[in-house]
Each structure stands twice: as structure tokens, then as C-alpha cells.
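Chemist: One structure, pasted below without further comment.
The values are calculated or read from the model by the stated rules, or taken from the named source; none is laboratory data. Just so it is clear, the model here is predicted, and its values are computed rather than measured. Backbone-built Cβ (ideal geometry, glycine too); neighbour counts: all protein chains shown. Just so you know, the surface numbers come from the protein's heavy atoms only, side chains and all, with ligands and any DNA or RNA stripped out. Shrake-Rupley method; radii C 1.70, N 1.55, O 1.52, S 1.80 Å.
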Amino acid sequence: MIGTMPLGNKVLVTGAASGLGKYIASNVECVALTRDNSEYVFKKYHHFDVIIHCAFNASKDTNNYYKILEDNIFLTKRLCALSHDKFVFLSSVDIYQEEDNLYKTTKLMAESIVRQLATSPLIVRASAIIGPTMRKNSLLRILDEDNPTLSLSGDSTFNYVLQSDILSMIKVSANNNYSGIMDFVASKNIRLKDVAKHFSKTVNFGDYLYETPVISNRCLQEKFPTAWYTSLGNIERFIKERSE
């Protein structure tokens, strides 16, 4: 089974305090790197079979560029300098947005470091990730709250993928030595107002329109069968996971 495939004897997971990093660190025997223990980890360990780099500072604080550089660029370069056999970097489909912004630029810079310096690098450009350790967002508010008020327009589009699917994909990739750039997206996007309608929720939508790039995942489907699921299908799978 995919879920039981080993990643290796020594796995390092960054960003293990929250989000996808926390989910992976909770489900894989690994060294979990956080802000609090990073210096200890770098001093103690000298080789990893797989490095899974999920940590990222998405702050928009333009008064502290150094912190953004330190957390995203310098850390990525330092991780690549560690001896390793496989490097997985969690990027984002937001790099396909037409407009440039700090988040997009920083992700692209980190990607370039990984491509240049990492061993057998796999860059995972993921869409909106949902799962048990996800941060509170518009989707959770629609699912969990009565009459939520959102800043996002109902016409905003998202593409939802599961934390569990990303972990399974990383295991498959490590065992088959996949490398390069992988767009990890569901087969179809969905509008927030259609999520609300599907689950019979009344939502007070705002005016800010966010649109997820439309990306084909046909190549992903050939390697990973659950990529056939639409965003709505993944939301329903997420709800089922929460109830188990």
C-alpha cells in the first residue's frame, strides 16, 4: 500500500510546527525541524535520506525583508548544503499568477536554489492544501460556521488537495526517484459560492476576488490515481477524514 511505503532511515521535515509540515511529521518517523530546534538539528545531524522542506514565511511585512530572506532563502540554501539523497520542496501554484508579489518572488527564488544545489530535487507546486493540521481559512469557515462573513468574493476560485495525498505522493516519489517540477492539483477548481451552495450554507461574501490558476494535472493522474478527484471531491474526502 502507498501509505506504508518507507521514505528512508533518516527523514528531515521542516515547518513541523504547523500546516503540512506538522501533518507529515506526525505521520512519518522523522527529525522535525522548527524555529526552536533548528540550530540543534543542524549541529547534530549530517546526513538525511530525504529532506522534506515545508517551512515558509509568507509574511507580507515589507519592513522586515531580512527575516523573510532568513526564513525562506537562507534556510533553503542551508538545507541544501546538508548531505542528502532526496530533496522535496513544497512550492505553490501561485507562482503561475500573472502579477508579481513578494510571496511569488520568494517561492521562485527558493525553487531556483533547490534546482541548483539539491540532490535529486522534487519541487511540488501545490494548490490549496486541506487536512487535519490546516490553518483556519475560508473553506473551514464555510464548513464549520453558521452564516460566516468572508472578505473573499463568492466568485473566488480554489483548487483543493489533501495533506494525506501529498504525503502519499512524496513516498511514491522517493521510492521511484521522481524529480523535477510537479504541479500537485486536483482535476478541477471550484468557486467558493459553489462550495456554499453544495453544503447548503449561507455565507456573506466580500469583494476581494482570488482566482487560482487553471492547471492541467493529466501528467499527475498517470502517476497518482487520486489526482482524478475534483476540488469538490477532495473537500468531501476531507470531511470524511475528519469524521473518522
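Chemist: Of these, Val31, Val41, Val93, which one is touching a Pro at 6+ places or on another chain (Cβ under 6 Å) and either at pLDDT 95 or above or over 25 Å from Ala128 (Cβ atoms) (or both)?
Modeler: It is Val93.
Chemist: Continuing with this model, one more query. For region 110-132, indicate whether the set of residues that are within 17 Å of Ile235 (Cα to Cα) and surrounded by fewer than 17 Cβ atoms within 10 Å (Cβ to Cβ) is non-empty.
Modeler: yes
Chemist: Has region 81-88 got any residue that is exposed (fewer than 13 other Cβ atoms within 10 Å of the Cβ) and at pLDDT 95 or above?
Modeler: yes
Chemist: Continuing with this model, one more query. What is the residue count in region 103-145 for residues that are of a type in the set (A, V, I, L, M) and either more than 27 Å from Gly180 (Cβ to Cβ) or in contact with a Cys (Cβ under 7 Å, 6 or more places away or on another chain) (or both)?
Modeler: Here the count works out to 8.
Chemist: In this structure, is Ile170 open to solvent by less than 20 Å² (accessible area, probe 1.4 Å) and among the hydrophobic types (A, V, I, L, M, F, W, C)?
Modeler: The answer is yes for Ile170.
Chemist: On the given criteria, is Ser216 within 30 Å of Phe87 (Cβ to Cβ), assigned to a loop (DSSP other than H, G, I, E, B) and touching a Lys or Arg at 6+ places or on another chain (Cβ under 9 Å)?
Modeler: no
Chemist: Checking the condition open to solvent by 20 Å² or more (accessible area, probe 1.4 Å), more than 20 Å from Pro213 (Cα to Cα), at pLDDT below 95 and of a type outside the set (Phe, Trp, Tyr), which residue from Asn64, Asn101 passes?
Modeler: Only one candidate qualifies: Asn64.
Chemist: Taking Ser179 and the conditions (1) closer than 21 Å to Phe87 by Cα; (2) open to solvent by less than 70 Å² (accessible area, probe 1.4 Å), which numbered condition does it fall short on, given that it satisfies the others?
Modeler: (2)
Chemist: Could you look through region 186-214, keep only residues that are surrounded by fewer than 17 Cβ atoms within 10 Å (Cβ to Cβ) and hydrophobic (A, V, I, L, M, F, W, C), and pick out the one that is nearest to Pro148 (Cα to Cα)?
Modeler: Restricting to residues being surrounded by fewer than 17 Cβ atoms within 10 Å (Cβ to Cβ) and hydrophobic (A, V, I, L, M, F, W, C), the top hit is Phe199.
Chemist: Now for a separate question. With respect to Arg141, is the statement that it is among the basic types (Lys, Arg) and in a helix (DSSP H, G or I) true?
Modeler: yes
Chemist: If Lys22 passes every condition in (1) in contact with a Ser or Thr (Cβ under 8 Å, 6 or more places away or on another chain); (2) open to solvent by 20 Å² or more (accessible area, probe 1.4 Å); (3) part of a loop (DSSP other than H, G, I, E, B) but one, which one does it miss?
Modeler: (3)
Chemist: Filter region 30-41 down to the residues that are over 14 Å from Val11 (Cβ atoms) and either in contact with a Cys (Cβ under 7 Å, 6 or more places away or on another chain) or open to solvent by 30 Å² or more (accessible area, probe 1.4 Å) (or both) and list them by number.
Modeler: Thr34, Arg35, Asp36, Asn37, Glu39, Tyr40
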